[in-house]
Amino acid sequence: MKIKASSGSRILFEEKDMFLTEYCDDNDIWFWKIIGEDPFLIEWGFKEQGGLYTLSFPQKRKYPYPAYEGRMYCIYLGYKYDVENIWHGLFILYPNERKTRRYLKLNDRDDSRIEVPYEEFIASSPIIWEEREPISDFVFDVEPLVYLFKDNSYIEENLHGAWHNKISNKQNE
């Protein structure tokens, strides 16, 4: 199993793990927007938008759905990076730490990224983890920090997503 880019906001809506974003309408009112890919979401009130399915609802209210903001990080060749994306077999790393930027001889305004082929990156024995933070309007019911790759091996149970066990247990009932 490979690691997938999972940074960003996620929500568990009706036992489905989906992307969560926010936007402001023309009246300066902020909304949450759930984005999914399955056509059956129309049955739950989602609207089709360019091949995706979206559901919007106002911010600054409490909702019973679990959600979190996730960021992926790694230690690669002894230095800490943000894992910005995993795309077409490449890890896209952003050197956000001062120590890492000094090592790479980058100034404060340099916006460079490092692209490392997936297999080469994994062969270097990195430590990869995801940090999860609460989103104010939602329930926070996930581990705040999980390792995805450590000590030369994948941490299998953490690669399936934050709610994998909860979803699979419900489906087996």
Inter-label distance, nm, simple model (7 Å from Cα along the C-beta direction), Gln49/Asn27: 1.7
Computed ³J(HN,Hα) along the stretch 125-139: with the Karplus parameters 6.51/-1.76/1.60, θ = phi - 60°, integer Hz and x for glycine or proline, the list is 6, x, 10, 10, 9, 10, 9, 10, 10, x, 10, 3, 8, 10, 6
Can you pull out the GluC sites (Glu not before Pro) in the stretch 22-68 that DSSP calls coil and that have at most 16 other Cβ atoms within 10 Å? Glu37
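With an 8 Å Cα cut-off and a minimum separation of 6 or more residues, compute the relative contact order for the chain in percent. Working shown, then result.
Values: 307 pairs, mean separation 35.3, N = 173.
Contact order relative to length: 20 percent.
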Given labels modelled 7 Å from the Cα in the Cβ direction, how far is it in nm from Asn96 to Lys16? 2.9
R0 of 41 Å, Cβ-Cβ distance Lys60-Phe40: FRET efficiency to nearest 0.05: 0.90
For the chain, whose charge dipole is built from +1 on Lys and Arg Cβ atoms and -1 on Asp and Glu Cβ atoms, the candidate among Pro126, Val146, Leu159 with its Cα farthest towards the positive end is Pro126
Subset of Lys2/Lys150; Lys33/Lys62; Lys4/Lys105; Lys4/Lys150; Lys4/Lys33 violating a 19 Å alpha-carbon distance limit: Lys4/Lys105; Lys4/Lys33
Angstrom value of the Kirkwood radius, inverse mean 1/r, which spans all Cα pairs in the stretch 8-58: 11.3
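All of the numbers you see were taken from the coordinates with simple rules; none came from a lab. Quick caveat: nothing in here was measured; it's all calculated off a predicted structure. So basically every Cβ, Gly included, is an ideal-geometry build from the backbone, and we count neighbours across all protein chains shown.
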